[in-house]
1. Averaging sequence separations of C-alpha pairs under 8 Å and six or more residues apart, then dividing by the length of the chain, give the relative contact order as a whole percent.
2. I need the phi-derived Karplus couplings for the stretch 18-25: 6.51 cos²θ - 1.76 cosθ + 1.60, θ = phi - 60°, integer Hz, Gly and Pro marked x.
3. List the lysines whose alpha-carbon lies under 30 Å from that of residue 32, not counting same-chain residues fewer than 8 positions away?
4. Between residue 80 and residue 15, how high is the FRET efficiency from 1/(1 + (r/R0)^6) when r is the Cβ-Cβ distance and R₀ = 30 Å? Nearest 0.05.
5. How are the alpha carbon pair distances in the stretch 20-111 distributed across 10 Å bins from zero to the largest one, expressed in percent?
6. Does anyone have the angle between helix 85-120 and the longest principal axis of the chain? Alpha-carbon axes, 0 to 90°, nearest 10?
7. Per DSSP H run of at least 4 residues, take -39500 (n - 2.57); add these up for the chain, divide by its residues and hand me the 222 nm value, nearest 500 deg cm²/dmol.
8. Separation between the residue 114 and residue 5 pseudo-spin-labels, each 7 Å from Cα along Cα→Cβ, expressed in nm?
Amino acid sequence: MDYAKIIAGLSSTISHQAAEVNEKIRLLESAKQQVTSERTLSMNDMSLVTNPELGEGWKGKRATSFDEQRENAKEELKRILHGEYEDYLSDIESAIVKLESQQLLLNGLSFVATEASSLVHKGEEAAEELHRKISHIRGRL
């Protein structure tokens, strides 16, 4: 059995998966930054919903109804900004944490592959340990 080729294949798989995980993390970090920026802009614009203040000329049922609608719009915007945005950012952060744990696993597997590669050159006395490390990597991938 050509253990060097097996280890090279496993190392290649680990490297490919690590690159995919890194790209996903990069995309999620970018999305998180964009959502945070959008939320900040929206928070800054919230005061525009109830501005200008209705003056003394605004009286009666229509004025009261209009003012209530503006206040309802402001409350809905608050709910979105403090609820939905936060939930979305939390989901993104959870996905990042999960990917980072995959990244740590892949880093560990890469280390085991490097150790296994060094065992290839030790010959028969290291064959059992080499086989165990290869099995470990395969079981984790």
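The values are calculated or read from the model by the stated rules, or taken from the named source; none is laboratory data. Worth saying up front: this structure is predicted, and the values here are computed from it rather than measured. As a convention, Cβ positions derive from the backbone with ideal geometry for all residues, glycine included, and neighbour counts pool all protein chains shown. Heavy atoms of the whole protein, side chains included, go into the accessibility calculation; ligands, DNA and RNA do not. Shrake-Rupley method; radii C 1.70, N 1.55, O 1.52, S 1.80 Å.
1. So the answer I get is 42 percent.
2. Residue by residue, the stretch 18-25 yields 5, 5, 5, 5, 4, 5, 4, 4 Hz.
3. Partners within reach: 24, 74, 78, 98.
4. 0.10
5. Bins of 10 Å from zero give 15, 30, 21, 15, 11, 6, 3, 1 percent of pairs.
6. 10
7. Only helices count here, giving -28500 deg cm²/dmol.
8. Once both label points are built, they end up 2.6 nm from each other.
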